[in-house]
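Comments concern the structure below.
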Amino acid sequence: MPDIVPCLWFDTQAEEAANFYVSIFPNSKVTNVDYYGEAGPRPAGTVITASFELDGKPFLGLNGGPEFTFSEAVSMQVFCADQAEVDHYWDSLTADGGQESQCGWLKDRFGFSWQIVPTRLTELLQDPDPGRAQRAMGAMLQMNKIVIADLETAADSAS
């Protein structure tokens, strides 16, 4: 199977974003930075791409210019084992200009969308008791950052 590498289009912040992301995720590193040469279209010596790994998975940041921007149509899901992980990724990715959204979604300071998903949410939504699953769903729909204890309380409450 060929390698499939997500490419994130930035205006000028590819290297900054790569360094930001690798500072948040374990087992992560910037693997390469390439620069525009004399042929352009940007000034020679300006970063064109930053290759990086997040938890061992490859990504590419491309400084392609302001023509294209991120939207919620594409996001990265981060599955978290517990509330501490949810809090870490939520707080880190919303820091310095990130924006909270609903249902575990956020935008980082570069405008890229992330879904911070506790695995407990998936378990509750797949509960064999449809009432528990629906109560968990209802609670999740009212949240920005997902709070596992609040999901469990809602799931266990009687209507």
About its Cα centre, what dipole magnitude does the chain give when the only charges are +1 on Lys and Arg Cβ and -1 on Asp and Glu Cβ, stated in debye to the nearest 20? 160 debye
How much length, in nm to one decimal, is gained on full extension between D96 and S23, taken as 0.36 nm per residue of separation minus their Cα-Cα distance? 24.9 nm
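Can you work out the accessible area per residue across the stretch 43-143, with the rest of the protein chains kept in place, probe 1.4 Å, in square angstrom? Provide the component values of the computation, followed by the final result.
On the way: 5070 Å² over 101 residues.
The answer is 50 Å² per residue.
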Considering only DSSP beta bridges with both partners in the chain, what is the antiparallel share in %, to the nearest 5? 65 percent
Charge dipole of the stretch 17-159 built from unit charges on the beta carbon (Lys, Arg +1; Asp, Glu -1), centred at mean Cα; most positive-end Cα among G104, V47, M76 is V47
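Report, in order of residue number, the helices in the chain meeting two criteria: a C-alpha extent of 24 Å or more along the helix axis, and a mean Kyte-Doolittle hydropathy of at least 0.5; treat each whole DSSP H run as one helix.
Helices meeting the span and hydropathy rule in the chain: none at all.
Suppose R0 equals 25 Å. What FRET efficiency, 1/(1 + (r/R0)^6) with r the Cβ-Cβ distance, do A133 and E85 give to the nearest 0.05? Before the final figure, lay out each step's value.
On the way: r = 23 Å, r/R0 = 0.90.
Rounded to the nearest 0.05, the efficiency is 0.65.
Convert 25 °C to kelvin, take the viscosity as 0.890 mPa s, use the Kirkwood radius over C-alpha pairs of the stretch 70-112 as Rh, and evaluate the Stokes-Einstein diffusion coefficient in µm²/s, rounded to a whole number.
Details: Rh = 10.7 Å.
The estimated diffusion coefficient comes to 229 µm²/s.
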Report the full-extension gain for the segment A39 to C7: residue separation times 0.36 nm, less the Cα-Cα distance, to one decimal in nm. 9.3 nm
How far apart, in nanometres, would the label points at V30 and D150 be if each is projected 7 angstrom from Cα along the Cα-to-Cβ direction? 3.6 nm
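For the chain, give the percent of accessible area contributed by carbon and sulfur heavy atoms, probe 1.4 Å, rounded to a whole number. Don't skip to the answer; put the middle values down first.
Numbers: 4520 of 8710 Å².
Of the solvent-accessible surface of the chain, carbon and sulfur hold 52 percent.
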Please work out which option in (i) 133; (ii) 188; (iii) 175 gives volume of the Cα convex hull per residue in Å³ calculated from these coordinates, and answer with its label. (i)
So what's the gap between the Cα centers of the stretch 76-118 and the stretch 1-61, to the nearest angstrom? 20 Å
E72 and L125 label points (each 7 Å along its Cα→Cβ direction) are spaced in nm at 1.4 nm
Would you compute, from DSSP H runs of 4+ residues alone, the mean residue ellipticity of the chain at 222 nm, taking -39500 (n - 2.57) per run and dividing by the full residue count, rounded to the nearest 500? -9000 deg cm²/dmol
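The values are calculated or read from the model by the stated rules, or taken from the named source; none is laboratory data. All values reported here derive from a predicted model rather than from experimental measurement. No Cβ is skipped: glycine too gets one built from the backbone with ideal geometry, and neighbour counts run over all protein chains shown. Accessible surface is based on the protein model in full, side chains and every heavy atom, while ligands, DNA and RNA are left aside. Shrake-Rupley method; radii C 1.70, N 1.55, O 1.52, S 1.80 Å.
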